[in-house]
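One structure below.
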Amino acid sequence: MRRRSIGRRGREECKMAALGSPLRTLRGLLRELRHAGGRASRPYRDTPAYQHVVAAFRAHRVTSEKLCRAQQELHFQAATYLCLLRSVREHGALHQEYHGKGERSPEEVAGLVGFRLPQQPGGKG
């Protein structure tokens with residue numbers, strides 16, 4: 001699978017080859033659900049999405065009495081959904097930052113890509 005670049009926290013995001021621990025995936029999912037809810041009127045723990053994710057992880061955990069074969073499948077699906085939630089959030093942030101705001105001046109466009117326009121001789125610019 002494809003790997004994404006290293007994020008702000010210094011770890012690779014959306015890395016599907018090695019899943020990591022299920023607890024880390026669960027915490028990441030819950031964090032993204034909290035971000036997706038925004039400033040909702042009710043706490044994110046009362047949402048159906050939160051309750052479903054927690055119930056699914058509890059139902060598929062490995063105990064000493066049984067071996068749950070579907071745990072790896074659930075973990076893979078959860079990691080995929082986590083990658084989707086992160087990507088949607090990051091896309092929204094990038095879209096909000098770089099979305100067209102009408103006509104831009106050449107100086108502003110050059111600043112967006114990290115360039116500076118040369119100064120005109122005679123003080124014109």
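Kindly evaluate Ala78 against the criterion of being under 27 Å from Leu29 (Cβ atoms) and among the aliphatic types (A, V, I, L, M). Don't jump to the end; show me each part of the working.
On the way: under 27 Å from Leu29 (Cβ atoms): yes; among the aliphatic types (A, V, I, L, M): yes.
Criteria met by Ala78.
What pairs can you find where one residue is in segment 88-116 and farther than 30 Å from Arg31 by Cα, the other is among the hydroxyl-bearing types (Ser, Thr, Tyr), and their Cβ atoms are less than 8 Å apart, with a gap of 6+ or different chains?
Filtered contacts from segment 88-116: Leu112/Tyr98.
The rows are residues; the columns are (1) at pLDDT 90 or above; (2) loosely packed, with under 11 Cβ neighbours inside 10 Å; (3) within 14 Å of the chain's Cα centre (by Cα).
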residue	(1), (2), (3)
Arg4	no, no, yes
Ala17	no, yes, no
Ala56	no, no, no
Lys66	no, yes, no
Leu82	yes, no, yes
Tyr98	no, yes, no
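So Leu26 ticks every box in (1) modelled with pLDDT of 85 or more; (2) open to solvent by 50 Å² or more (accessible area, probe 1.4 Å); (3) not in a loop (DSSP other than H, G, I, E, B) but one. Which box is left unticked?
(2)
For a quick check of your reading of the model, give me the residue pairs whose first member lies in segment 43-59 and is more than 16 Å from Gln72 (Cα to Cα), whose second is of a type in the set (Lys, Arg), with beta-carbon atoms closer than 7 Å and at least 6 apart or on different chains.
Every condition considered, the pairs that remain are Tyr44/Arg34.
The values are calculated or read from the model by the stated rules, or taken from the named source; none is laboratory data. Every value quoted in this text rests on a predicted model; they were computed, and no experiment measured them. We place every Cβ from the backbone using ideal geometry, glycine too, and count neighbours over all the protein chains shown. Accessible surface is based on the protein model in full, side chains and every heavy atom, while ligands, DNA and RNA are left aside. Shrake-Rupley method; radii C 1.70, N 1.55, O 1.52, S 1.80 Å.
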